[in-house]
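I have placed the structure first, in the form of structure tokens, so that the comments after it can refer back to it.
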Amino acid sequence: MILDVDDLHAAYGRIPILNGVSFRVSDGETVGILGHNGMGKTTLLKTLIGHLSATAGRIRFSGTDVSRWPSYRRARAGIGYVPQGRMIFPALTVYENLRMGFIARGDWSEENAVNDIRARFPRLDTLLDRAGGTLSGGEQQLLALARTLCGHPKLLLLDEPTEGIQPSIVDDIIEILDGLHRFDGLTIIVVEQSLDFISALSQRVLLIQKGTITRELSAEQLSAGALADELGETV
Amino acid sequence: MSVGRVVSYGVPAVIGLALLIGLPQLLDLFVLLQVTLYVVMAILALSLAFVWGYGGILCLGQSAFFGLGAYAYAITAFNIGESSLPVVIAILLPTLFAAALGYLMFYGRISEVYVGVITLTVTLILFNAVNSTASPEYRIGSALIGGYNGLPNVPSLNFPFDPDNTLQPDDVYMVAMATLLIVYFGIRWILRTRFGRVLVAIRENERRVEFIGFDARLHKLAAFALGAGIAGAAGCLFVNWGSYVSPTIFSMIQSAQIIIWVMVGGVGTLIGPILGAVALSWLTAEVGTQHVINADILFGGILIVFVLLVPRGLVPMLTEHVWSRVMQPRRKVAVAAKLAAPGGRA
């Protein structure tokens with residue numbers, strides 16, 4: 001069990017957004033989170049990374065309670081977060097962005113990490129000297145993902161990675177994430193509106209409504225193509 | 001090492017060393033004293049250039065650390081009678097003060113605007129506190145603080161642990177110039193380290209930096225304290241330049257001037273603030289010799305002109321526009337040669 005979320009509550013000021021979210025994620029699993037706008041998907045990821053403090057509940061990552069840890073400690077512990085809107089460093093070059101993402105862990109050097117990512121992201125490899133802010137939206141999304149992967153996370157949190165992205169780059173992202181999941185055992189939690197993307201990547205899907213997980217669809221249900229039907233009723 | 005890097009380090013190093021060695025031979029004492037002041041102000045400008053231009057911390061009260069360095073040196077030099085330890089204290093005291101203040105601000109998650117307000121307020125508090133210590137009972141050891149009268153006849157720098165061998169004005173110039181070179185190349189080195197890269201990324205976006213595993217608060221605190229230490233060193237040299245320090249060193253005008261130097265030279269550069277400090281300090285001195293226009297009005301006018309017409313400052317403007325015009329013909333020639341080559345497209 002890499003992540004154990006128990007009765008998690010979070011709020012913006014006095015407005016509660018998460019109302020007792022509980023779920024578990026196993027090592028190497030890929031979990032999708034679906035829900036209408038304003039239901040708490042992004043807030044859930046922000047609370048998991050520590051951008052937003054939990055008002056109650058517990059987050060255990062790899063057996064350790066990280067509920068009160070600041071975001072940088074969670075990132076160092078192995079939680080990678082690709083936020084909505086990419087959030088690269090626009091004035092830094094692609095290469096500098098990638099170097100920034102490196103987190104020293106074990107004998108994995110910065111050079112190894114960056115070279116590994118360059119090999120996985122050939123589209124970025126030709127843009128290393130370009131300032132991040134001059135890239136297209138899709139390239140920036142790839143860069144945000146690549147930068148987070150430079151930190152060699154154990155758990156990757158992705159917030160709407162296909163939003164406003166051209167289809168060819170969406171295919172690239174699916175291929176890269178699928179490879180990382182299958183061959184490197186990376187655990188992924190993805191918040192997404194695109195049913196195609198989420199069903200291509202997820203082994204199970206959690207449906208979130210009004211700040212709580214209301215339903216869960218298993219891999220079997222996903223493969224049976226029941227996701228769209230289920231969502232048609234629920235979301 | 002690439003040619004570009006050799007040039008970018010070599011040219012300032014050669015110019016700096018030439019000024020360090022050459023100017024004392026070329027200039028008379030009065031002019032050399034003036035140049036020493038400009039060099040001290042350039043060090044002070046670099047302290048803010050690092051904190052604001054690279055760390056993104058808009059410190060409106062950099063003169064607080066400048067003044068603390070000056071007073072720390074003066075008071076300890078009076079008490080000890082030798083300058084080696086006072087120099088260290090002049091750097092350490094502002095560093096520690098900034099570390100304490102920075103801890104409260106950055107770990108308290110105070111927003112950028114309020115950081116500016118707090119630093120300015122601290123400067124004004126120091127100004128008023130020191131200003132009201134004119135009575136003889138305000139003394140630290142054998143040093144009378146002097147309040148608004150200031151502290152005159154501050155002992156000069158001496159060769160380390162040799163109080164009888166004090167530095168002459170040309171020696172003080174060389175110490176100041178050497179300090180400027182050390183600070184300039186030191187900051188450039190820091191910016192190439194991982195710490196420096198994280199600092200620049202924090203300037204871009206603090207939250208993003210935390211998401212990728214760096215404690216932004218700690219990095220900002222370290223940068224803020226380091227900038228204060230540099231300002232303290234400048235304060236120590238300033239008090240040696242004039243053998244005198246007064247509370248005006250903490251004044252709002254002094255704080256504003258540092259910001260104007262950096263803005264005019266170019267935020268996010270190092271050469272720019274040095275040039276801004278030297279040029280505007282020279283201008284202040286020149287304007288002070290006549291009575292046609294008030295120096296503060298002139299500074300205000302310069303600030304308005306730069307904010308409206310050259311918002312990024314002189315050096316970024318020159319590097320972007322002039323440099324691109326110089327390079328453009330070369331590019332055109334290269335493109336023309338490419339097109340003329342066999343297989344080149346017309």
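The values are calculated or read from the model by the stated rules, or taken from the named source; none is laboratory data. As the structure is a computational prediction, the values presented were derived from the model and not from experiment. Positions of Cβ are generated from backbone atoms using ideal geometry, with glycine treated the same way; all protein chains shown enter the neighbour counts.
Scan region A:43-60 residue by residue and report those that are touching a residue at least 40 places away in the same chain (Cβ under 8 Å), within 14 Å of chain B (Cβ to nearest Cβ) and not in a loop (DSSP other than H, G, I, E, B). A:Leu45, A:Leu48, A:Ile49 - these are the residues of region A:43-60 that are touching a residue at least 40 places away in the same chain (Cβ under 8 Å), within 14 Å of chain B (Cβ to nearest Cβ) and not in a loop (DSSP other than H, G, I, E, B). Scanning region A:146-171 for residues that are free of Cβ contacts under 8 Å to residues at least 60 places away in the same chain and hydrophobic (A, V, I, L, M, F, W, C) yields A:Ala146, A:Cys150, A:Ile165, A:Ile169, A:Val170.
Per-residue answers, yes or no, for (1) within 23 Å of B:Thr119 (Cβ to Cβ); (2) surrounded by fewer than 23 Cβ atoms within 10 Å (Cβ to Cβ); (3) modelled with pLDDT of 90 or more; (4) touching an Asp or Glu at 6+ places or on another chain (Cβ under 6 Å):
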residue: B:Pro163; (1), (2), (3), (4): no, yes, no, yes
residue: B:Thr179; (1), (2), (3), (4): no, yes, yes, no
residue: B:Ile190; (1), (2), (3), (4): yes, yes, yes, no
residue: B:Arg197; (1), (2), (3), (4): no, yes, yes, no
residue: B:Ala225; (1), (2), (3), (4): yes, yes, yes, no
residue: B:Ile230; (1), (2), (3), (4): yes, no, yes, no
residue: B:Cys236; (1), (2), (3), (4): yes, no, yes, no
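For region B:132-151, a tally of residues being in a strand (DSSP E or B), in contact with a Phe, Trp or Tyr (Cβ under 8 Å, 6 or more places away or on another chain) and in contact (Cβ under 8 Å) with a residue 40 or more places away in the chain returns 2.
Out of all the residues in region A:192-216, which are among the hydrophobic types (A, V, I, L, M, F, W, C) and assigned to a strand (DSSP E or B)? Across region A:192-216, the qualifying residues are A:Val205, A:Leu206, A:Leu207, A:Ile208, A:Ile213.
State yes or no: is B:Ala228 part of a helix (DSSP H, G or I) and away from every other protein chain (no Cβ under 12 Å)? Yes, satisfied.
Scanning region A:69-86 for residues that are in a loop (DSSP other than H, G, I, E, B) and either within 9 Å of another protein chain (Cβ to nearest Cβ) or in contact with a helix residue (DSSP H, G or I) (Cβ under 8 Å, 6 or more places away or on another chain) (or both) returns A:Trp69, A:Pro70, A:Pro83, A:Gln84, A:Arg86. Taken as a whole, region A:124-138 holds at least one residue that is away from chain B (no Cβ under 11 Å), closer than 27 Å to A:His36 by Cα and not polar (S, T, N, Q). Kindly evaluate B:Asn153 against the criterion of being in contact with a strand residue (DSSP E or B) (Cβ under 7 Å, 6 or more places away or on another chain), away from chain A (no Cβ under 14 Å), surrounded by fewer than 19 Cβ atoms within 10 Å (Cβ to Cβ) and farther than 28 Å from A:Ala77 by Cβ. In short, no. For region B:156-201, the candidate set comprises residues that are among the β-branched types (Val, Ile, Thr) and under 21 Å from B:Ala42 (Cα atoms); within that set, the residue that is nearest to the other protein chains (Cβ to nearest Cβ) is B:Ile190. Looking at B:Val113, B:Val154, just one residue is modelled with pLDDT under 95, within 23 Å of B:Gln254 (Cα to Cα), outside any loop (DSSP other than H, G, I, E, B) and of a type in the set (A, V, I, L, M, F, W, C), and that residue is B:Val113. When each of A:Leu124, A:Leu143 is tested for being in contact (Cβ under 8 Å) with a residue 24 or more places away in the chain, crowded, with 21+ Cβ neighbours inside 10 Å and over 24 Å from A:Arg73 (Cα atoms), the lone residue that passes is A:Leu124. Residues in region A:127-179 that are touching an Asp or Glu at 6+ places or on another chain (Cβ under 9 Å), within 20 Å of A:Pro90 (Cβ to Cβ) and of a type in the set (Lys, Arg): A:Arg130 alone. When A:Ile33, A:Ile103 are checked against the criterion of being more than 14 Å from chain B (Cβ to nearest Cβ) and either buried (at least 22 other Cβ atoms within 10 Å of the Cβ) or of a type in the set (A, V, I, L, M) (or both), A:Ile33 stands alone in meeting it. Scanning region B:1-52 for residues that are among the β-branched types (Val, Ile, Thr) and over 17 Å from B:Leu181 (Cα atoms) yields B:Val3, B:Val31, B:Val51.
For region B:74-86, enumerate the residues that are buried (at least 24 other Cβ atoms within 10 Å of the Cβ) and either under 18 Å from the mean Cα position of the chain (by Cα) or farther than 27 Å from B:Leu124 by Cβ (or both). If the condition is that a residue be buried (at least 24 other Cβ atoms within 10 Å of the Cβ) and either under 18 Å from the mean Cα position of the chain (by Cα) or farther than 27 Å from B:Leu124 by Cβ (or both), then B:Ser83 is the only one that fits. For B:Glu204, are the conditions met, namely being over 30 Å from B:Pro12 (Cα atoms), within 14 Å of chain A (Cβ to nearest Cβ) and acidic (Asp, Glu)? No, not satisfied.
Among the residues of region B:210-225, write down those that are assigned to a helix (DSSP H, G or I) and facing chain A (nearest Cβ under 8 Å). Selection gives B:Glu210, B:Phe211, B:Ala216. Elements of the type helices (runs of 4 or more DSSP H) sitting completely within region A:105-170 and holding at least 1 residues that are aliphatic (A, V, I, L, M) and in contact with a His (Cβ under 9 Å, 6 or more places away or on another chain): these cover A:110-120. Summed over region A:1-42, residues that are within 25 Å of A:Thr162 (Cα to Cα), among the charged types (D, E, K, R) and part of a strand (DSSP E or B) total 1.
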